[in-house]
Amino acid sequence: MKISIKRGRDLTLRGAIIDNKVESITPRHVAIYPEDFHGFIAKVDVKVGDPVNVGTPIFHDKNVPELQLTSPVSGEIIEVERGERRRLIKVVIANDNKYTSDKTAIPDNYNDKDSLLKILAQSGLMAHIHRRPYDVVARPSDNPRDIFITAFDSSPLAYTSNYDTEDVELMARAVNFFHNITTGNIYISRRSAEQLPDIPGAEMVDVKGPHPAGNIGIQIANIAPINKGENIWALSTDTLRRIGYMLANKQLDTKTTVALTGSRVKTPMLIKTIIGASMADLLNGRLDEDNHHRRIISGNVLTGVKIDMEGHLRFPYTHVSVIPEGDDVDEFMGWASFSPSKMSVSPSYPGKFFKKLFNPDARILGGRRAMIMSGLIDNVLPMDIMGEYLIKAAKSHDIDAMEQLGIYEVAPEDFALAECLDSSKMPYQAIIRESLDYIRGELE
Amino acid sequence: MKSLKRLLDRARPAFGPKGRFHAFHSIFEGIDTFLFTPRDTAPGHLSTHIHDAMDSKRTMTIVIVALLPCLLFGMYNTGYQHWLAAGETIFPFWSLLWYGFLSILPTIVVTYAVGLGIEFFVAQYRHEEIQEGFLVTGLLIPMIIPVSTPLWMVAVATAFSVIFAKEVFGGTGYNIFNPALVARAFLFFSYPSQMSGDAVFVATNQPFGFGPAVADGFTCATPLGQIATSTSDTLSVVGIDSHAISSWDVFIGLIPGSFGETSCLCILIGAAILLFTRIASWRIILSATIGSVGTAYLIHAFANTTYPATMLNPIDQLTLGGLAFAIIFMATDPVTSCRTNTGKWIFGFLVGTIAIIIRTFNNGYPEGAMLAVLLMNAFAPLIDYCVVRANINRRQHRLKLAGSDKS
């Protein structure tokens, strides 16, 4: 199957990976943040000083106890951080660098669906799967209509890796496993057959077009849209591969390749490391040192999480972007600027006509206004959805209108590009997240 | 720049919640954000970290820049018409421009003072930032009314439109009707004798004592006014000095009319700016042009003397009066026009069609563009509702299909 995405926009930013130079870094400690897994209500299973192995449960979900988050390294718990009202922030684990693994009991034949789901949930990998609607962590009881897997990331500065035959073998194993969980199709979206060879048992989808073509929500909408009452599982090929690895080796693969990108990185590069690796280890000596503030983002510049040097790599554990913060510069009448270095898709800024890479900082560059310009969301949201009306329904908490306008088909990340380009500076992602949570609270 | 920034930084505490001038904090913030890009950065979670440099200030400024050719030409033309009315034969360029500038300046000062005054007050009351929308409205109002409209009427109309057409709905972005057109409609229906007829479209006074004197009781109808009252089989439109007005004059805009609306050439320059920067919707402009020219052709095919405007060449229909200005600067207002792409096609087409129908079949009111846009402003939400409904029905149909698959 082939789909071609027309609407969207590739932002050309400075600091992309040019050569495939890879470095390996062993973090001294790693951390797991339950808030990365939206919908997971964390209860902690360990305390400071406990020894853990790779795959030892760290958290379990309050409502679905078999849904767990597990340790990516072997070592010792060194911190359990809580925030307001004792909400769990993170658990930090010192890495003893031995990777001693808890063995997972994998049955030889895959017939018993319930026990398969339990294995997946307890391994911690089910939390890496998103469920649509609501864009929350998957649960064993979901019974998904189809499973959608994306093999590429189209977001700014993201690195799309090619997979080899060993990866394909592992993925095929996981696809075979998934066929026991869903009676529907398993779709794998890729850029081309060179990027990811055909995987037996899965429907391969070649996707062309600009960002957000790599967002699973966009792919679902263009392949087989979600209807009210249906569940979809969405995951990346990295997760698929990890599931395959677990099935093959009865233990977890917690290695990950991170793209270290952005204009404030000395040399953008790939780093092989461990899930949840500490930023101090990853970034030490790799950032531009000058007097200006910088923003470290785990993830891409549209949907990532702001962290600091004391922080850790956050889910989905594949991308770190470092950009200028911008809160220490004074710009005289910036709104009237004709500087070609201003990032904008508007032809009123000359930068659009130079083949130049932009170096935007984190400033909002304008005050929040009511929606004035029309059609902006439609231009960059390649789904059959009236984005502006959905946002209005969401802001007024009108569940009926949101259902009718397709709230079940979207996730916050699908609105990220519109939020970035919007001249009214509206927080679309936060609006969508809040209304998804609101509906879920009302209906589930 | 640094000293200016220091000055602002020093003044900031006085406008803070406990400061002496807290009552003027929205004014201070307005000036501060105008001069220096705010340092506010994106929140770290559930938000994009980078933002496009386009903002409301720039959007509105571009519209103002697009209006400037019309404004400058309006100044020149006001002077030119005045010189003609005074019977002069030499037209000194700078004097004409200066005369026009002096004529329009009080009106612009009044609209901005009244409108921005209300906006500042409302922003203060609502604890919001000052919104830029009125910068455009405040310039549009002087351009679409006769140059000699008394200032107190301008003030009343501006206050009415800002309060009742905009702020009661929630401010810029929430209004249903285009505020500039509401101001004009208010003037038209409240003071018809000052807003239409033969005596108002040419400046006859001497602002600040400048310019040649014009005889008392001077009148000259606009071309559309002449056409509406024409009774002969052949249309003849004449200027102030009784020479026939050619299509070229109409295109350039050296004819009597509302201050900024006469020159098609300058309107096209403005249109080019708005289309290039993608601020105006090309869909609305194109469909409104198609709608008006199409309707004009249709009625021209059935021309008769009962409705003299039917005898007008369809292209002249487009260039005469305020239609072109309304299509480019009024119908494309993103807030009050349709917001869906399909809706924009329908909206624009109907604006063009209705403008020509009103202008042609209502002899009492020779210009229909204002009413057409206001009428379609009222219908825009309905058109959008139908377009959105179609999307909803598609989704519900899909749901039914999915349901029948399972059963």
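The values are calculated or read from the model by the stated rules, or taken from the named source; none is laboratory data. Predicted, not measured: the structure shown is a model, and the values here were computed from it. In this analysis, Cβ positions are derived from the backbone assuming ideal geometry, glycine residues included, and neighbour counts consider all displayed protein chains. Accessible surface areas use protein heavy atoms only, side chains included; no ligands, DNA or RNA. Shrake-Rupley method; radii C 1.70, N 1.55, O 1.52, S 1.80 Å.
Which residue pairs have Cβ atoms closer than 9 Å, lie 6 or more positions apart in sequence or on different chains, and pair a first residue in region B:44-68 that is within 12 Å of residue A:423 (Cα to Cα) and more than 7 Å from chain A (Cβ to nearest Cβ) with a second residue that is assigned to a helix (DSSP H, G or I) and of a type in the set (Gly, Ala, Ser)? As it stands, the answer is B:60/B:133, since those pairs meet every condition given.
Just one of the numbered conditions (1) among the hydrophobic types (A, V, I, L, M, F, W, C); (2) more than 30 Å from the chain's Cα centre (by Cα); (3) part of a helix (DSSP H, G or I) is not true of residue B:27: (2).
So, residue B:193, is that one farther than 21 Å from residue B:260 by Cβ, among the hydroxyl-bearing types (Ser, Thr, Tyr) and either at pLDDT 90 or above or outside any loop (DSSP other than H, G, I, E, B) (or both) or not?
yes
When residue B:46 is tested against (1) aliphatic (A, V, I, L, M); (2) farther than 30 Å from residue B:327 by Cα; (3) touching a Cys at 6+ places or on another chain (Cβ under 8 Å), exactly one condition is not met: (3).
The residues listed here are A:299, A:334, A:351; of these, the one that is more than 31 Å from the chain's Cα centre (by Cα) and either within 10 Å of another protein chain (Cβ to nearest Cβ) or under 19 Å from residue A:423 (Cβ atoms) (or both) is A:334. Residues that are under 11 Å from residue B:133 (Cβ atoms) and either surrounded by 22 or more Cβ atoms within 10 Å (Cβ to Cβ) or without any contact (Cβ under 8 Å) to a residue 24 or more places away in the chain (or both) within region B:168-179 comprise B:172, B:175, B:178, B:179, listed in sequence order. The test for being among the β-branched types (Val, Ile, Thr), assigned to a loop (DSSP other than H, G, I, E, B) and either crowded, with 19+ Cβ neighbours inside 10 Å or touching a Pro at 6+ places or on another chain (Cβ under 6 Å) (or both) holds for residue A:199. A single entry from B:134, B:34, B:101 fulfils the requirement of being among the aromatic types (Phe, Trp, Tyr) and within 11 Å of another protein chain (Cβ to nearest Cβ): B:34.
Return the residue satisfying two criteria in turn: it lies in region A:422-444 and is assigned to a helix (DSSP H, G or I) and open to solvent by less than 10 Å² (accessible area, probe 1.4 Å), and of such residues it is farthest from the other protein chains (Cβ to nearest Cβ). Step by step, filter region A:422-444, then rank; the result is A:439.
Yes or no, residue by residue, for (1) more than 14 Å from chain A (Cβ to nearest Cβ); (2) open to solvent by 10 Å² or more (accessible area, probe 1.4 Å); (3) under 28 Å from residue B:239 (Cβ atoms); (4) in contact (Cβ under 8 Å) with a residue 24 or more places away in the chain:
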| residue | (1), (2), (3), (4) |
| --- | --- |
| B:284 | no, no, no, yes |
| B:293 | yes, yes, yes, yes |
| B:303 | yes, yes, yes, no |
| B:310 | yes, no, yes, yes |
| B:313 | yes, yes, yes, yes |
| B:317 | yes, no, yes, yes |
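Can you find a residue that is farther than 24 Å from residue A:38 by Cα and open to solvent by 10 Å² or more (accessible area, probe 1.4 Å) anywhere in region A:226-245? Within region A:226-245 (the criterion being farther than 24 Å from residue A:38 by Cα and open to solvent by 10 Å² or more (accessible area, probe 1.4 Å)), the answer is yes, since at least one residue qualifies.
Comparison of B:208, B:201 shows that the only residue that is part of a loop (DSSP other than H, G, I, E, B) and aromatic (Phe, Trp, Tyr) is B:201.
Condition test on residue B:315, is it of a type in the set (Val, Ile, Thr) and outside any loop (DSSP other than H, G, I, E, B)?
Yes, satisfied.
Pairs meeting the criteria (first residue in region B:131-157 and in the same structural domain as residue B:69 (by TED's automatic domain parsing), second residue among the acidic types (Asp, Glu) and buried (at least 23 other Cβ atoms within 10 Å of the Cβ), beta carbons under 8 Å, at least 6 apart or on different chains) are B:131/B:119; B:134/B:119; B:143/B:261; B:144/B:261. Of the residues making up region A:170-192, at least one is assigned to a loop (DSSP other than H, G, I, E, B) and under 30 Å from residue A:14 (Cβ atoms). Within region A:180-196, how many residues are open to solvent by 30 Å² or more (accessible area, probe 1.4 Å), touching a residue at least 40 places away in the same chain (Cβ under 8 Å) and not charged (D, E, K, R)? Final tally of qualifying residues: 1.
Residues that are buried (at least 16 other Cβ atoms within 10 Å of the Cβ), in contact (Cβ under 8 Å) with a residue 12 or more places away in the chain and outside any loop (DSSP other than H, G, I, E, B) do occur in region B:34-41, at least one of them.
Would you confirm, using the coordinates I've provided, whether residue A:303 is hydroxyl-bearing (Ser, Thr, Tyr), out of contact with any strand residue (DSSP E or B) (no Cβ under 8 Å at 6 or more places or on another chain) and farther than 14 Å from residue A:159 by Cβ? In short, yes.
Residue A:122 meets all of the listed conditions (1) out of contact with any strand residue (DSSP E or B) (no Cβ under 8 Å at 6 or more places or on another chain); (2) closer than 30 Å to residue A:433 by Cβ; (3) not small (Gly, Ala, Ser) but one, namely (1).
The one condition from (1) in contact with a helix residue (DSSP H, G or I) (Cβ under 6 Å, 6 or more places away or on another chain); (2) in a loop (DSSP other than H, G, I, E, B); (3) more than 13 Å from chain A (Cβ to nearest Cβ) that residue B:18 does not meet is (1).
When we screen A:186, A:232 for residues that are within 14 Å of chain B (Cβ to nearest Cβ) and out of contact with any Ser or Thr (no Cβ under 7 Å at 6 or more places or on another chain), the only hit is A:232. Do you know which residues across region A:302-331 are closer than 21 Å to residue B:52 by Cβ, aliphatic (A, V, I, L, M) and either more than 10 Å from chain B (Cβ to nearest Cβ) or over 29 Å from the mean Cα position of the chain (by Cα) (or both)? Scanning region A:302-331 gives A:322, A:329.
Among the residues of region B:93-105, is any in contact with a Leu (Cβ under 9 Å, 6 or more places away or on another chain), open to solvent by 20 Å² or more (accessible area, probe 1.4 Å), over 15 Å from residue B:206 (Cα atoms) and of a type outside the set (A, V, I, L, M)? Looking through region B:93-105, none of the residues is in contact with a Leu (Cβ under 9 Å, 6 or more places away or on another chain), open to solvent by 20 Å² or more (accessible area, probe 1.4 Å), over 15 Å from residue B:206 (Cα atoms) and of a type outside the set (A, V, I, L, M). All of (1) at pLDDT below 90; (2) hydrophobic (A, V, I, L, M, F, W, C); (3) surrounded by fewer than 16 Cβ atoms within 10 Å (Cβ to Cβ) hold for residue B:113 with one exception: (1).
Every residue, every condition in (1) out of contact with any His (no Cβ under 6 Å at 6 or more places or on another chain); (2) surrounded by fewer than 16 Cβ atoms within 10 Å (Cβ to Cβ); (3) modelled with pLDDT under 90; (4) not in a loop (DSSP other than H, G, I, E, B), yes or no:
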residue: A:8; (1), (2), (3), (4): no, no, no, no
residue: A:26; (1), (2), (3), (4): yes, yes, no, no
residue: A:35; (1), (2), (3), (4): yes, no, no, yes
residue: A:46; (1), (2), (3), (4): yes, no, no, no
residue: A:58; (1), (2), (3), (4): yes, no, no, yes
residue: A:65; (1), (2), (3), (4): yes, yes, no, no
residue: A:69; (1), (2), (3), (4): yes, no, no, yes
residue: A:72; (1), (2), (3), (4): yes, no, no, no
